[in-house]
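All remarks here apply to the structure that follows.
The values are calculated or read from the model by the stated rules, or taken from the named source; none is laboratory data. Only a predicted model underlies this, so the values are computations on that prediction, with no experimental measurement involved. Cβ placement follows ideal geometry from the backbone for every residue including glycine, while neighbour counts extend to all protein chains displayed. We work out accessible area using only protein heavy atoms, side chains counted, and drop any ligands, DNA or RNA first. Shrake-Rupley method; radii C 1.70, N 1.55, O 1.52, S 1.80 Å.
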Amino acid sequence: MRTLLLMVALLFSTLAIANGSDPRTGTIKGRVIDVNLNQPLPYVNIVVKDKNNETLTGGITDEEGNFEIEKIPEGTVLVSVQYIGYKTLSKNVTLESGNFNINLGDILLEEDVSNLDEVTVVAEISTIQQKVDRKVITIGKDLATTGPTAADIMQNLPSVSVDQQTGDISLRGNQNVRVMVDGKLSNIPAAQLLKQLPSSSIKQIELITNPSAKYNPEGMSGIINIILHKNINVGFNGNIGVGLSYEKEPKFNSNIDMNYRNNKLNFYGNYGNNISRNVNGGYIDRVEQNTLQLIDVLDENKSHLFKFGIDYYLDDKNTLSAFTNQNIYNGETIGRTDIIYDNNPSQNLIQRFLNEGDNISSQYNFDYKRDFAKEGHNIELEVDYNMFDSDQLTNNLLSNTSFRPNFFEDNHTERNQTTVNLDYVNPLSETTKLELGLQALLFDNAINYESDARNRNEAGNYIPTNTYYTYARDIYSVYATYSKKLEKWSYQFGLRAENVKVETLANQTDLTSGDETKFPFDNDYFQVYPSAFITYNPSEKNSYQLSYSRRVDRPGIGQVNPIPDWSTPLITQYGNQFLEPQYTNSIEVNYTRQLEKGSVTAGVFYRLIQDEISQALLVDRTDLNRLLLTFDNFDNTSAYGVEFSSNYKPTKWWSLNGSFDLYTQTQKSIGEVLTAPSDTATEDDIILKSVSVDNVAWNFRVFNNFKVSESLTFSAFGFYRGKNKSIQFNIEPMYFVNVGMRYTFLPDDRMTFSLNYNDIFDTMKFQATGIRPFKQKAQFEWESQTVFAGLTYRFGGGKFSAKKRKRRDDNEKDDGGGFF
């Protein structure tokens with residue numbers, strides 16, 4: 001609200017000046033510092049008033065405590081520096097001939113002793129900032145209480161979709177997106193990670209749709225970066241929360257975040273868990289074959305996520321930081337698949353399976369930052385090591401052993417990733433900046449898979465096999481970016497060069513005969529990835545951004561792993577280790593308009609995709625009833641789309657935001673089609689066809705927040721996804737409505753109770769029809785109509801007063817904002 005009032009005051013003061021004569025104007029700048037810690041204070045309000053105590057203009061300090069306020073009229077003004085928990089400091093400043101550019105230098109703020117019991121609180125309403133290459137969504141209480149996990153928050157964000165059945169995430173309709181936590185890639189699968197991160201631990205989510213050359217170019221549709229709360233308040237601070245969801249089975253989560261900071265050291269840590277049982281199922285009906293496949297699944301998951309870190313401030317120029325993440329996961333899936341053949345009931349089959357799995361992921365991170373004498377001039381070294389160890393055992397019991405014998409699948413995965421970053425930033429002047437960097441990214445993955453009756457030999461007999469698959473990829477890169485800010489224009493150009501070396505080997509052993517078959521594949525290549533960003537701010541209300549980048553989508557482990565990823569008696573999916581990378585050239589234009597009671601952001605994007613990776617649909621030659629899903633490279637294609645989001649606050653008690661996105665893409669693949677019934681067909685009846693699908697998809701979502709009192713708020717969220725197509729299916733529309741309430745109590749609103757009822761009309765389900773390679777109807781449902789109750793409590797009494805590790809987006813400039 002303070003920001004909104006300031007914008008209104010700015011508008012009227014600007015109009016008043018425009019209607020009079022054209023007086024000379026000046027600039028006031030400076031830096032705000034905590035007097036005791038000698039550290040910069042971000043987000044401090046700077047208000048400039050005239051002699052009648054009327055507000056003329058103002059601003060907010062950046063993350064380094066700096067501010068610069070332009071177009072201040074000639075004469076004596078009062079500069080007021082205001083920050084919660086600190087004493088307000090005011091200075092009279094005179095702008096006159098020969099003195100129109102005033103530098104106040106370091107402004108020292110002192111804590112207000114009378115407010116020592118106050119703590120930093122999370123904002124009521126989430127906000128969004130449109131930066132040059134990303135949207136930055138700061139999570140307020142409204143989104144933090146929409147559900148217990150990060151996956152629940154994601155479905156409320158513009159351009160983001162979460163598959164409610166599999167947990168897979170997509171950005172602008174594409175699943176080739178990189179998910180990071182605090183700017184770091186994780187070895188934990190994204191779907192699992194989103195279900196393990198507590199929503200209350202999330203501070204911001206960055207949607208980086210067109211990353212600059214500073215970032216790893218991996219991911220066609222961009223990067224989703226989840227930023228967790230890292231308390232750096234003086235003293236002891238934290239919060240604790242618990243939650244329970246229920247429809248058919250219970251789902252429990254809890255978390256605690258704590259920190260302790262004195263003058264030189266900051267210790268912080270958090271723990272979160274997610275213990276849940278989830279029921280889902282559905283059917284696939286092969287219409288022409290009179291074959292029905294029924295699937296029922298119960299998942300039981302337990303996860304525990306620990307984080308501990310320390311910051312050591314050697315002096316005002318040198319900072320050491322280290323942290324570790326430890327994730328422990330244990331899961332069990334009990335399922336049943338019924339295959340019903342109407343034309344031949346003797347072939348009816350029931351498959352019961354039990355999948356037991358556990359994995360451990362460990363991350364160790366070290367960071368050293370050196371600040372030089374010139375403000376913003378620094379060098380930083382970061383080393384990150386991540387390892388993942390997983391075991392999965394699946395036992396499959398079949399009712400009709402004449403169809404095939406019972407079998408087990410034992411899968412062990414070991415994965416290691418080491419990242420070394422060296423970043424250098426040099427502000428060449430007040431308006432220009434040069435950034436240079438080096439990165440080494442070393443990745444190793446090994447999978448050992450064994451089954452006693454998984455594959456068939458040439459005679460059609462099932463044989464026990466062992467497959468050992470290794471995948472190693474080393475990437476060495478260098479980047480440079482140059483940025484300059486003019487009066488109304490700013491631009492940034494960058495170039496990243498990478499050398500990549502890939503080595504893979506699949507070694508398959510027939511455990512009956514001992515025969516081995518090896519499938520090696522190597523790929524070495526060098527590529528460059530340019531980027532460009534241009535912004536134009538003709539006024540305080542209008543902002544335009546144009547950006548371009550070249551990106552790469554390197555095949556993921558699931559796409560290149562020749563070992564079956566999942567299987568039913570009629571469907572098997574596996575990877576293709578000979579896949580080549582696909583490349584994307586992306587252009588994006590965004591416009592932001594500040595309104596009196598909100599803001600509007602609109603954008604268009606276009607992508608040219610080379611060597612597209614897509615799904616291939618094949619018929620199993622050993623069983624013509626079976627469908628094989630794999631991946632291959634296809635010809636070039638293109639995609640484009642439009643996005644629109646707006647926030648509006650009609651009254652003091654009602655705020656809403658809505659977003660609409662539409663994208664279109666031509667998907668290419670190959671598919672095999674049977675020209676005769678499968679019970680009489682031979683290989684000669686299989687025809688290979690090239691498949692091209694023009695898919696147009698759109699999504700609409702709106703979030704309403706109703707403030708009844710200072711303590712009680714209600715919310716309503718609606719979502720509609722239009723009909724769209726994939727290579728295999730025409731997917732029907734899906735829509736749902738969620739409602740919730742939030743109540744805060746105890747002194748300083750330290751306790752919050754939230755209650756949500758999701759999918760109140762029970763409409764969330766997946767429905768589709770398909771023609772490749774068989775005519776099919778499919779429907780799947782899950783526990784969507786859940787009730788969630790959560791309770792959180794904040795404790796401690798410090799202020800935000802610490803020096804931060806450099807964020808990799810410090811060079812980015814805010815170009816929008818408001819209530820979201």
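Of the strands (runs of 3 or more DSSP E) lying entirely inside the range 688-774, those containing at least 3 residues that are closer than 17 Å to THR786 by Cα and small (Gly, Ala, Ser) span 712-721.
Yes/no matrix, rows are residues, columns are (1) modelled with pLDDT of 75 or more; (2) surrounded by fewer than 19 Cβ atoms within 10 Å (Cβ to Cβ):
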position	(1), (2)
PRO555	yes, no
PRO569	no, no
ASN585	yes, yes
VAL589	yes, yes
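Just to check your reading of the model, which residue among ASP316, ASP311 is in contact (Cβ under 8 Å) with a residue 60 or more places away in the chain and either in a loop (DSSP other than H, G, I, E, B) or in contact with a helix residue (DSSP H, G or I) (Cβ under 6 Å, 6 or more places away or on another chain) (or both)? After applying the criteria, what remains is ASP316.
Do you know which of the residues in the range 654-707 that are closer than 17 Å to ASN625 by Cβ and of a type in the set (Ser, Thr, Tyr) is least open to solvent (accessible area, probe 1.4 Å)? That would be SER678.
For the range 558-566, does any single residue satisfy the condition of being aromatic (Phe, Trp, Tyr), under 30 Å from VAL604 (Cβ atoms) and assigned to a strand (DSSP E or B)? No, because not a single residue in the range 558-566 is aromatic (Phe, Trp, Tyr), under 30 Å from VAL604 (Cβ atoms) and assigned to a strand (DSSP E or B).
Take VAL287 and decide whether it is open to solvent by 50 Å² or more (accessible area, probe 1.4 Å) and at pLDDT below 90. Criteria met by VAL287.
Among the residues of this structure, GLY514 does not count as one that is assigned to a loop (DSSP other than H, G, I, E, B) and buried (at least 19 other Cβ atoms within 10 Å of the Cβ).
Here is a yes/no grid of residues against (1) open to solvent by less than 20 Å² (accessible area, probe 1.4 Å); (2) at pLDDT below 75:
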| position | (1), (2) |
| --- | --- |
| GLN164 | no, yes |
| GLY167 | yes, yes |
| LYS184 | no, yes |
| ASN187 | yes, yes |
| SER200 | no, yes |
| LEU207 | yes, no |
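Go through the residues of the range 311-320 one by one and say whether even a single one is touching a Leu at 6+ places or on another chain (Cβ under 8 Å), on the phi < 0 side of the Ramachandran plot, among the acidic types (Asp, Glu) and open to solvent by less than 40 Å² (accessible area, probe 1.4 Å). Yes, that holds for at least one residue.
Taken together, the residues in the range 776-790 that are more than 30 Å from ASP685 (Cα to Cα) and open to solvent by less than 60 Å² (accessible area, probe 1.4 Å) amount to 9. Filtering GLU414, GLU409 for residues that are within 26 Å of the chain's Cα centre (by Cα), under 19 Å from ILE563 (Cα atoms) and open to solvent by 20 Å² or more (accessible area, probe 1.4 Å) leaves a single hit, GLU414. Note on the range 351-388: residues that are open to solvent by 50 Å² or more (accessible area, probe 1.4 Å), of a type in the set (Lys, Arg), under 30 Å from TYR424 (Cα atoms) and touching a strand residue (DSSP E or B) at 6+ places or on another chain (Cβ under 7 Å) total 1. The residues of the range 485-504 that are surrounded by fewer than 16 Cβ atoms within 10 Å (Cβ to Cβ), touching a Ser or Thr at 6+ places or on another chain (Cβ under 9 Å) and assigned to a strand (DSSP E or B), listed by number, are TRP489, ALA497, ASN499, GLU503.
Taken together, THR592, THR584, THR622 contain a single residue that is over 18 Å from ILE670 (Cβ atoms) and in a loop (DSSP other than H, G, I, E, B), which is THR622.
Within the range 611-627, does at least one residue satisfy the condition of being open to solvent by 20 Å² or more (accessible area, probe 1.4 Å), among the aliphatic types (A, V, I, L, M) and at pLDDT 90 or above? No, the range 611-627 contains no residue that is open to solvent by 20 Å² or more (accessible area, probe 1.4 Å), among the aliphatic types (A, V, I, L, M) and at pLDDT 90 or above. Take the residues in the range 637-653 that are out of contact with any Asp or Glu (no Cβ under 7 Å at 6 or more places or on another chain) and over 30 Å from ALA716 (Cα atoms), then tell me which one is least open to solvent (accessible area, probe 1.4 Å). The qualifying residue least open to solvent (accessible area, probe 1.4 Å) is ALA639.
Against the conditions (1) among the β-branched types (Val, Ile, Thr); (2) open to solvent by less than 20 Å² (accessible area, probe 1.4 Å); (3) without any contact (Cβ under 8 Å) to a residue 12 or more places away in the chain, THR401 satisfies every one except (2). Note on the range 333-350: residues that are outside any strand (DSSP E or B) and open to solvent by 60 Å² or more (accessible area, probe 1.4 Å) amount to 6. Of the residues making up the range 751-775, those that are open to solvent by 40 Å² or more (accessible area, probe 1.4 Å) and of a type in the set (D, E, K, R) are ASP762, LYS765, ARG772, LYS775. Could you tell me whether any residue of the range 343-362 is under 30 Å from ALA480 (Cα atoms) and among the polar types (S, T, N, Q)? No, the conditions are met nowhere in the range 343-362.
All of PHE820, PHE795, PHE800 fail the test of being among the aromatic types (Phe, Trp, Tyr), open to solvent by less than 60 Å² (accessible area, probe 1.4 Å) and at pLDDT 70 or above, apart from PHE795.
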